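To start, the structure itself, in structure tokens.
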Amino acid sequence: MILEKLFKEFDVDTSLFTSKEAELFDNSFEKILVKRNGFLIREGELEKYSYFIFDGIARCWTLNDKGEEQTFWFCKEGTFSMSNISFTLKKKSDFNVQTLVDSIIYRIDKDSVIQIYEVIPHLKAIFDDMTAILLSRILKRNIDLIKYSPEQYYLLLMAQYGSVLNFIPLKDIASYLGITPQALSRIRKRVF
């Protein structure tokens, strides 16, 4: 269930795993329900878990030099939260991860990750590849911010997130695009 959803998002062949391995993977996670605006991690905290967004969406944000919230990433259904950086590197988080809607989250601690890698050794290589894909997506976002106008980038965002975009507050979308909510309203009037 978790493995299938994750692999679908990253276009990984699920037949690489037996049903027993998939079940073992899924059973290594603890299900938690996080209310809208709940924090998975706050800036300055050390992450104890890796979080998988099973149903819902979260945003990654920090305060800019003016003290305003700046959203720089959305963690959508079928992906891990970006708090994995703190989890993996064992360093305090440089940003906040906060749910935008009531969300179903599965979490796993470090000991369980080590155990599952021992039992399913080929999983580590696949997760390394998925980390590279995620890094590529982050790099692409940075390039797209340079390459496209806010309107063009908003259209790309619509294609990438589809109906999920309807659950993201406009102020967070504007922040993600690096524009004001008023500028986003003008773009939305032109687009729709």
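The values are calculated or read from the model by the stated rules, or taken from the named source; none is laboratory data. Quick caveat: nothing in here was measured; it's all calculated off a predicted structure. Cβ placement follows ideal geometry from the backbone for every residue including glycine, while neighbour counts extend to all protein chains displayed. Side chains included, ligands, DNA and RNA excluded: accessible areas come from the protein's heavy atoms. Shrake-Rupley method; radii C 1.70, N 1.55, O 1.52, S 1.80 Å.
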Hull volume per residue for region 21-91, using the convex hull of the C-alpha atoms, in Å³ is 104 Å³
Can you give the log10 of the normalised intensity I(q)/I(0) at q = 0.19, 0.23, 0.29 Å⁻¹, computed with Debye over equal Cα scatterers of region 131-192? -0.72, -1.02, -1.38
If one computes P(r) from the Cα atoms of the chain, what percent of pairs lie at distances over 29 Å? 25 percent
With +1 on each Lys and Arg Cβ and -1 on each Asp and Glu Cβ, and nothing else charged, work out how big the dipole of region 61-186 is about its Cα centre, in Debye to the nearest 20. 220 debye
With -39,500 (n - 2.57) per DSSP H segment of 4 or more residues and division by the full residue count of the chain, the 222 nm estimate, nearest 500 deg cm²/dmol, is -14500 deg cm²/dmol
Straight-line reach from Lys90: which lysines have a Cα under 22 Å away, not including same-chain ones fewer than 8 places off? Lys48, Lys110, Lys124
Shape category assigned to region 58-116 from the gyration tensor of Cα positions, a/c cut at 1.5: oblate
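Kirkwood hydrodynamic radius of region 1-55 from all distinct Cα pairs, in Å?
Numbers: mean 1/r = 0.0758 Å⁻¹.
After inverting the pairwise mean of 1/r, the radius is 13.2 Å.
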Relative contact order [Cα under 8 Å, 6+ residues apart], region 1-136, whole percent: 32 percent
With the 1.4 Å probe rolled over protein heavy atoms, the chain has an accessible area per residue in Å² of 57 Å²
Protection proxy (average C-beta count within 10 Å per residue), highest first, orders 55-61, 16-22 as 55-61, 16-22
Measure nothing but the geometry: give the 0 to 90° angle between the long axis through the Cα atoms of 150-161 and the longest principal axis through the Cα atoms of the chain, rounded to 10°. 30 degrees
Tell me the accessible surface of Leu135 in square angstrom (1.4 angstrom probe, heavy atoms of protein chains only), to the nearest ten. 120 Å²
In degrees between 0 and 90, to the nearest 10, how far off the longest principal axis of the chain does helix 110-119 point, with axes built from Cα atoms? 50 degrees
Carbon and sulfur %, accessible surface of the chain computed with the full protein complex present, 1.4 Å: 55 percent
With a 1.4 Å probe and all protein chains in place, put Lys90, Lys140, Lys8 in order of accessible area, largest first. Lys8, Lys90, Lys140
